[in-house]
Amino acid sequence: MTPPAPRLRSAVLPILLVVSLFFLWGMANNLNDILIAQFRKAFALSDLQSGLVQSAFYLGYFCLAIPAALFMKRFGYKAAVVLGLVLFGLGALLFYPAAEVRRYEFFLAALFVIASGLAFLETSANPLVTVLGPPETAERRLNLAQAFNPLGSILGLMVGRHFILSGVEPTPAELAAMSPGAVEAFYAREATAVQGPYLLIGVFVLIWAVVFFLVRFPAITGSAAAKEEGPGAARDFAAILGMSRVRWGVAAQFFYV
């Protein structure tokens, strides 16, 4: 017999915290478009080179999605969320030294760490919001949470346009007319434009991780029982891949991204 789900009243604060995660990863995802434009200018990159921003980012999802699910199954939803926030925050903080040394590959590594954290958040937050409260309202809670994702995306664009993009776009002729020192100063200024915003994001996300750690979440005993009694991870994975709709859905998502 499956134990009853947590009562909605006792789960209000945890639900609000989980909803905030949808906002955060929406912001992080949309900042990538800003970073592509900024890095192309700061490092004089080609379109192919600047496109590595998205490659490094989604590689984090690809590499960490399944480990995140295994971690969540072993340690629970809340632990996965806390670890995801820590990785997200640390990745954002890595932007500061990356800008100081002005190494593009350092930024790509930081983006990989951010995306690794987001893989944990997305893997855990979607099912978590459905089990926090009565089962009959699970879909409404998930829809409410997902409504905050585009709000985060909008905020990400606003932050990027106002605090990262300088609006200064010198032509090749103008750059050629500048002294070497002036050109170097311009590139350094553009590279360090990401420091302030990502430092604030990193600090906030790490504080949010502490908040998640300290807030008491309702016991989700049904999922814990399933964790102990269910099949192993390999059998779970094989069973999922055996569903043709899942395989087609994965293929569609792959080509969409």
Keeping to the range 9-64, report how many residues are polar (S, T, N, Q) and within 15 Å of the chain's Cα centre (by Cα). 6
Only one of (1) modelled with pLDDT under 70; (2) under 23 Å from P134 (Cβ atoms) does not apply to P218, and that is (1)
Quick check: is even one residue across the range 48-59 surrounded by fewer than 22 Cβ atoms within 10 Å (Cβ to Cβ) and within 18 Å of V129 (Cβ to Cβ)? no
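The values are calculated or read from the model by the stated rules, or taken from the named source; none is laboratory data. On a predicted model such as this, the values are computed, not experimentally measured, just so you know. Note that each Cβ is placed from the backbone with ideal geometry, even for glycine, and that neighbours are counted across all protein chains shown.
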